[in-house]
1. Dividing the alpha-carbon Rg of segment 217-347 by 2.2 N^0.38 Å yields what?
2. State to the nearest 20 debye the size of the charge dipole of segment 11-144 about its Cα centre, where the only charges are +1 on K and R beta carbons and -1 on D and E beta carbons.
3. With a cut-off of 8 Å between alpha carbons and a minimum separation of six or more residues, what is the relative contact order of segment 19-86 in percent?
4. How large is the dipole of segment 217-347 about the Cα centre if only Lys and Arg carry +1 and Asp and Glu carry -1, each at its Cβ, rounded to the nearest 20 debye?
5. Taking amide H atoms as placed 1.01 Å from N in the peptide plane, list the residues 5 or more away in sequence, or in a different chain, whose amide H sits under 5 Å from that of Ala648.
6. Would you please give the residues with an amide H less than 5 Å from that of Thr324, counting only those at least 5 places away or on a separate chain, with H modeled from the backbone geometry?
7. Can you list residues whose amide H is under 5 Å from Val20's amide H, if they're 5+ apart or on another chain and H is modeled 1.01 Å from N?
Amino acid sequence: MAKDKYRWRFFRAGGVDQVVIDSGADIAHLDELDQKLWLALSCPTRGLEFDGRTLDLIDTDHDGHIRPLEMTAAIGWLRDAFVDLDELFKGEAKVKLSIINGETALGKELLAECHHVLESLGRPDDDSISTDDIADTAKILAATRFNGDGVLPPESVFDEKVAQAVRDIIAAMGGKLDRSGKTGVDQAMVEAFFDQGKTVLAWLDEGDKLSLPGLDRETATAAAQAIAAVKAKVDDYFTRCRMAAFDERAPKLLAPADADLTALSPKTLSANTEEIAELPLAKIAAHQALPLRDGANPAWAERLATLADAAVRPVLGESKAELTASEWAALEKAMAPYFAWQATKPASAVCTVAPERLRELLASSFPRDIADLIVQDTEGGDQMQKLEQVEKMILLHRDFVRLLRNFINFSEFYGRRKAIFQAGRLFIDGRSCDLCLPVDDAGKHASLAGLARAYLLYCDCTRKSGEKRSIVAAVTGGETDNLMVGRNGVFVDRKGNDWDATVTRIVENPIGIRQAFWSPYKSFIRVVEEQVAKRASAADADARQMVQAQALQTAHADKTKGDEKKPEPKKMDIGTVAAIGVAVGGIATFLSSILAMFFGLGMWMPIGFVGLLLAISGPSMLIAWLKLRQRNVGPILDANGWSVNAMARINVPFGAALTQVAVLPPGSRRELRDPFAEKHRPWKLYFFLLLLATTLLLWYKGSLDRHLPEGIRAYTVLGSLSPAEPLPAPAPLAPAAKPAPTAAPAK
């Protein structure tokens, strides 16, 4: 390597050479390292056990991912910000002002803003700044008149008249939150207020031109409100009176029913009783005038009195105790222009401002003054940017080394220090799984994560508070016999919160060679158990049907005709018997040939037994060995939005470290006496052993040779070691006599 090049050190983990990062010089030269040697090229800013604010400050294009260019930009920024990058390895959330590089433009700005922040907090003599100091940005910005967000609170206005105008706009339009936490106005809100104010004033000017003899604006408004409050009820009353003039039966039919009045008798009545308000305003009669005071419905008496004072007397010119239908029509006609004008009222919050105050605001220079102050606030926005730079300095001082050890290399993951992508630990089926990641869509995630060649459990997790989340856990140790969809466990996140976890999906892959060895036998036993269960269930169903049929036949035995012949039982077909015999013979022949070949090995029978096991388990063990060599964490991370740049393997030893199986603690004592253990009866074992010994003895002596094929007879297998004598060869069969020729038939 050339002398002018930085000399890197690498360590081997996961089958990949990974760069060592343990000094400030390593960090300073990382932008020179070939990116093909970086272990990751992209990671998301969310879903990690890492401060999202730190990632947001590094993510300069705000696309939700950290990429190499942003990492190298952050490294360059840190070189300009600090005198010595070795300080980053302390990982402290506090930065001493002495380590800030005052020789660079960035360092000078950071020092100046740090002093400003400390002064705003009342601690100008402090020699360090921390995350706690900048946590309350509102307090810091409150000391700044213009903070660059384009929102002007009244507290930032020195002229009290202009400040009051801002308050009026906030009262009408609602206001907007400033960075300092105060409520203010922005330019769009100011323009909307004054534009709507012009519309409201134009509408008010049209109201001044209304022809309402003897009424000013205030009196007309009160009269209109009094009429609107009773209009529907008064129209109802005069309509009923006109119906009474039309038909003499109407007064009785349109008046309150006896039942309605009877229902009121047991109640405690008042003018606010709802049932009373539903009754007519007064007694129904032809050409009857509406009493405005005495004789009116108690629930409406107050509103009718207001009508008489606020509308009838000012408009009709005299006080009246009652109102006729023609007078009511004249009252509505006189107020019709006012109601038509009210219908054109602008739907604006500015209408709540007093007309005199609104005219004052529009006639003054307030719109221009407020706009100028908002422009000044916008131009003063570098204050917030400077504060953000200080925040970036403190957070990178605390978090950047940890990010490098989960991005440039995976030293935290392979060093068993919990990588930022590990969400917690899953406890299930007597084991704990440390490689757990958050998941949004299990189906989409599994389609890619399955390429990791790992055994994956997808779980839905819930808490009593109603929170929900989904995770995927890699199972790298133990057995899988009791892992199934629907199995429950407990997930403990990195903050120590426990969740109820339920398995919803499984991606099956080998966990180890030992498991692969027993896999074919377990599969065979599982298939046999399933078939036996199906046959037993079918037989049970047939038996139940037979019992039900027999019971039904017995119950109706007395209704059966005496001369009715019973159906003849079905006879077994001879062909069926022959087919069964052929099948049994074939099976017996096959088993005999296997036994003959096996016993024919003689003293090599143990090797043959091992060969038989390898023939059965070998393929699954080979497949498991190949998949375990390919097992890696890359596809699992890629499914979560990462871009892993190498095959970060999870070999068998490392996998065993990621999943811990339950074991008794060292020094524990085990009581072997189980009061609920199954009671075994040894006579069955004894009988079996006796039967086996007898069979072997008879075979050894040759007593069973005449019943066995020649290949597995005692003399054939053991030779001179057996006391048995070879059986005589069977005598050859005499050739059959040829039949005598038959004479030709006579013609």
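1. So segment 217-347 has a normalised radius of gyration of 1.15.
2. 240
3. 39 percent.
4. 280
5. Val633, Gly634
6. Distant-sequence amide H within range of Thr324: Leu290.
7. Distant-sequence amide H within range of Val20: Arg9, Phe10, Phe11.
Laboratory data are not the source of any read-out in this text; all were calculated from the coordinates shown. Keep in mind the model is a prediction, meaning the values are calculated, not measured. No Cβ is skipped: glycine too gets one built from the backbone with ideal geometry, and neighbour counts run over all protein chains shown.
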